[in-house]
Each structure stands twice: as C-alpha cells, then as structure tokens.
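Only one structure is covered here, and it is reproduced in the block below.
No lab work stands behind these numbers, since they all come straight from the coordinates. Small disclaimer: the values here were computed from a predicted structure and weren't measured. Cβ placement follows ideal geometry from the backbone for every residue including glycine, while neighbour counts extend to all protein chains displayed.
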Amino acid sequence: MTFLQNLDWRHATKSFDTKTKVSDTDLAKLKEAIIMTPTSFGLEPFHVKIITDQAVKDEIQPISWNQPQVGTCSHLLVFCARTDWENRIHDYFEIASGGNADIKEKMKGYEEMMQGALGARTEEQILDWATRQAYIAHGFALAACAELKIDSCPMEGFDSAALDKILDLPENFKSVVMLPIGYRTEEPHHGKVRFPESDLFS
Ligand SMILES: Cc1cc2nc3c(=O)[nH]c(=O)nc-3n(C[C@H](O)[C@H](O)[C@H](O)COP(=O)(O)O)c2cc1C
C-alpha cells in the first residue's frame, strides 16, 4: 500500500480488540518514527508515556469522557509537552558534541542563540511551543501507525490536569494529546468526511 492508501485506510478507531496486542517489534518502529520527528531547534521538548497497565487505562477512561478507546487499546500513548527548555538545550549540546569540550565550544554561538530565543518567551509561550512540537510527534506517530497497519485514535478529549495527577507527572511535563493504539474490532461506519480541496488551498 502507498502512503496515501495507508492514510485512507486509517480512521479514528473508537474501540479496539482487547485480545490483540501491538508487538514489541512494531512498538519499536513506532518509537523510532517518534524519535525521527523534526522539532524546533531539534530540542524534542516532549515525552511520551506508554501505558499498558489495564488498571491505569481504566483509571484514565473516566477522565477521558469515558471514551472506550482508552480502556480497550493495546497501548495508550500520552504525549506530554516539556517546559524545561534550559535542561533540554544543555542535554542537546552534550549529545551533539558527543561530550567533546572542543566541539561544544565551537557550538557555543548556536547554544547562545537558542538560549536567547527561548529565554525571551514567557512560561505560557514555552508551553505553547512545546505543545506544538508534541503534536508534530503525534502526527508522525499517526502516520507510522497507518504504515504499520496499527489502528489508532488521536485524542484531545480528556482532562489534562487529572491525567497529569494519575501519571504523577513532574512539574515540567504536561499531557497534551493521546494516541491509543491497537486493532479495530469493526470497519468504520462511514467514509471520510473532508472539506474540498478548494476550501483548503488557494
Ligand atoms: C487533535 C485531535 C484530537 C481528537 N480528539 C478526539 C477524541 O477525543 N475522541 C475521538 O473519538 N476522536 C478524536 N479525534 C478524531 C477526529 O474526530 C477524527 O480524526 C476526524 O473526525 C477525522 O476522521 P478520521 O481520523 O477517521 O479520518 C481527534 C483528532 C485530532 C487530530
């Protein structure tokens, strides 16, 4: 199947087959797609919690408008925006330089440019920025699922503050969007509803 055929195949799956689990091999590929996501400055200011524990999924479903995707999925991916941008910049240059002090020194200008650009933003703007990056990763995960013939449902319908508490997230993580994944129990009831090309492009 081509990329476009895979996108046509996928749909926002409302309920998953509880008996069929996503394999570790496919999960590794999905993680790789998320890792390969391009992000602003390459800082990947997000973290993905992967939940398989049924008791935790059952706790999350009621704070997600009781949507059955949550309780029935094989794995529940929770995309969190990270706001600890200073740590992120530090760690980025550790990785990029391979810990080599000379290489790090040569990259100093770029590091200072990043610090200046992000340091000028308010906390709210940093959260907005990190959230946008998390959504790009979420989009890549959606497309990768389609390629791997894993069903998924993008989900914003949940109480983010309540979820942060359930997951005991640190102060610098905020859940922003979820992706339950697994295998469909039935085919979608209707075809895709999309605005016409003329509406979306000019
Ligand atoms: C960011 C985002 C949040 C969404 N939240 C939910 C949700 O909470 N529950 C749900 O059933 N579908 C949710 N959807 C699915 C959309 O309704 C669905 O993608 C859209 O209607 C197009 O249908 P399709 O994905 O089957 O092509 C969400 C989609 C996106 C992209």
Item checked: Candidates 78, 22, 176, ranked by Gaussian network fluctuation over the chain, Cα under 10 Å, top entry -> 22
Notebook entry, point to check: Among 74, 152, which comes first, second and so on when ranked by fewest other beta-carbon atoms within 10 Å?
Noted result: 74, 152
Checklist line | Cα-centred dipole magnitude for the range 3-200, charges only on beta-carbon of K, R (+1) and D, E (-1), debye, nearest 20 | finding: 440 debye
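When a/c is below 1.5 the answer is rounded, else prolate if a/b is larger than b/c, else oblate, so apply that to the range 1-88 with a ≥ b ≥ c taken from the square roots of the Cα gyration tensor eigenvalues.
Oblate shape, in that a/c is at least 1.5 and b/c is the bigger or equal ratio.
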Notebook entry, point to check: Between residue 156 and residue 110, what length comes free when the chain is fully extended (0.36 nm per residue of separation minus the Cα-Cα distance, one decimal in nm)?
Noted result: 13.1 nm
Item checked: Helix 108-119 axis, angle to the chain major axis (alpha carbon atoms, nearest 10°) -> 60 degrees
Next item on the list: With the Cα gyration tensor of the chain in hand, convert its eigenvalues to equivalent ellipsoid semi-axes via √(5λ) and list them largest first in whole Å.
Entry: 33, 20, 17
Notebook entry, point to check: If you line up the long axis of helix 24-35 against the longest principal axis of the chain, both from Cα atoms, how many degrees apart are they, to the nearest 10?
Noted result: 50 degrees
Margin query: Connecting C-alpha atoms closer than 10 Å in a GNM of the chain, tell me which of 184, 132, 121 has the biggest fluctuation.
Written below: 121
Check: Which distance in nm do the two modelled labels at residue 7 and residue 53 give, with both placed 7 Å along the Cα-to-Cβ direction?
Finding: 3.8 nm
Next item on the list: Taking the Cβ of each residue in 76, 27 as the centre, tally the other Cβ atoms inside 10 Å and list the residues starting with the fewest.
Entry: 27, 76
Next item on the list: Taking 7 Å along the Cα-to-C-beta vector as the label spot, tell me the residue 168-residue 86 distance in nanometres, rounded to one decimal.
Entry: 2.7 nm
Check: So what is the 222 nm mean residue ellipticity for the chain from helices alone, if each DSSP H run of at least 4 adds -39500 (n - 2.57) and you divide by all residues, rounding to the nearest 500 deg cm²/dmol?
Finding: -14000 deg cm²/dmol
